[in-house]
Amino acid sequence: MSGLTLHGFRYSVYVRAVRLALEERGLAYEMNEVNPFADAPELNPHPMNRVPVLDHGTFRLHETAAILTYVARAFPGPPLIPEEAAAQARMVQVQGITDAYAYWPMVRLVYSAGVFAPALGQERDGEAVARGLAMAQPVLAMLETIAAEGRVLDGAGLTLADLHLAPMIAAFTAAPEGYRALAAHPALHGWWQAMVGRRSLARTDPGLPG
């Protein structure tokens, strides 16, 4: 056994990012379901009641980028962090873009209002979806430029940029409008088509509630 326990909410894109890294490393782990939206905060090992949290034996770590870096460095496998300085900087840049600019419009607006809420039996909020799509346009443009450059998000190699971003794009493209917006960016769309074919992405698909 690897001695790994992942604490998190199965529908969280950040938890899925860590699961992708663990799957790509071929690591067995225990999953401790923690819902920060519903469970009592004392049930969550994260001091701010967020997810994910990773335990490796007695070592506990939170924050997605830190966990991804730890998995990449601590366990053997193909390199997930580029050696070349410019590529490594692009990887970190994509991770920053993902957290700062992609999460809210793509996940909390387009996906939550357009896909997740209806799966819970709630009314689809078309206004929120439209607002998220508008906010996502400059984010997609930034990512398209990086994908077209070819250092990361190239659809061939795999870095932490792919693992961090992929769950958000999966959520975003679950809405038809999100998929159409992505498809208008050819380099990014080509990257996504390559990611969809990865076994790890299929194995970490949380599905929808209901």
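Based on the Kirkwood radius over alpha-carbon pairs, what is the Stokes-Einstein translational diffusion coefficient of the stretch 4-74 at 4 °C with 1.567 mPa s viscosity, in µm²/s?
Estimated via Stokes-Einstein, D reaches 108 µm²/s.
What ³J(HN,Hα) values, in whole Hz, does the Karplus curve 6.51 cos²θ - 1.76 cosθ + 1.60 give for the stretch 118-125 when θ = phi - 60°, with x put for Gly and Pro?
x, 5, 8, x, 8, 6, 5, 9
Take every DSSP beta bridge with both residues inside the chain and express the antiparallel ones as a percent of the total, to the nearest 5.
Rounded to the nearest five, the antiparallel share is 65 percent.
With label points built 7 Å along Cα→Cβ from the Cα atoms of Arg73 and Glu33, find their separation and express it in nm.
Using points 7 Å along Cα→Cβ, the separation is 3.4 nm.
Taking every DSSP beta bridge that has both residues in the stretch 4-74, what percent is antiparallel when rounded to the nearest 5?
Of the beta bridges lying entirely in the stretch 4-74, close to 65 percent run antiparallel.
For the stretch 81-96, just list the computed ³J(HN,Hα) in residue order, Karplus coefficients 6.51, -1.76 and 1.60, θ = phi - 60°, integers in Hz, with x standing in for Gly and Pro.
3J(HN,Hα) across the stretch 81-96, in whole Hz: 10, x, 7, 5, 4, 5, 5, 5, 5, 4, 4, 5, 4, 4, 4, x.
Sorted from largest down, what three extents in whole angstroms do the Cα atoms of the stretch 85-203 have along their principal axes?
46, 29, 22
Which residues' amide hydrogens lie under 5 Å from the amide hydrogen of Val53, considering only partners 5 or more residues apart or on another chain, with H built in the peptide plane?
Here the answer is His7, since their amide H atoms fall under 5 Å of that of Val53.
Could you grab the relative contact order for the chain? Cα pairs under 8 Å, six or more apart, rounded to a whole percent.
23
Size of the dipole of the stretch 4-74 about the Cα centre, Lys and Arg at +1 and Asp and Glu at -1 on the beta carbon, nothing else charged, in debye to 20?
Approximately 220 debye in magnitude.
Placing unit charges on C-beta atoms (Lys and Arg positive, Asp and Glu negative, everything else neutral), compute the dipole magnitude of the chain about its Cα centre in debye, rounded to 20.
Rounded to the nearest 20 debye, it is 180 debye.
With θ taken as phi - 60° and the coefficients 6.51, -1.76 and 1.60, list the Karplus ³J(HN,Hα) couplings across the stretch 142-153 in order, rounded to whole Hz; mark glycine and proline as x.
Going residue by residue, I get 4, 5, 4, 4, 5, 5, 5, 5, x, 7, 9, 6 Hz, with x marking Gly and Pro.
Could you pull out every residue, at least 5 positions away or on a different chain, whose amide H is within less than 5 Å of the one on Leu158? Hs are placed 1.01 Å off N in the peptide plane, and Pro or chain starts have none.
Counting only residues 5 or more places away or on other chains, the set is empty.
Can you compute log10 of I(q)/I(0) for the chain with the Debye formula, treating each Cα as one identical point scatterer, at q = 0.14 Å⁻¹?
Listed by q, the Debye log ratios stand at -0.83.
All of the numbers you see were taken from the coordinates with simple rules; none came from a lab. No experiment lies behind these values; they were computed from the predicted model shown. Here Cβ is always computed from backbone atoms with ideal geometry, including for glycine, and neighbour counts include all displayed protein chains.
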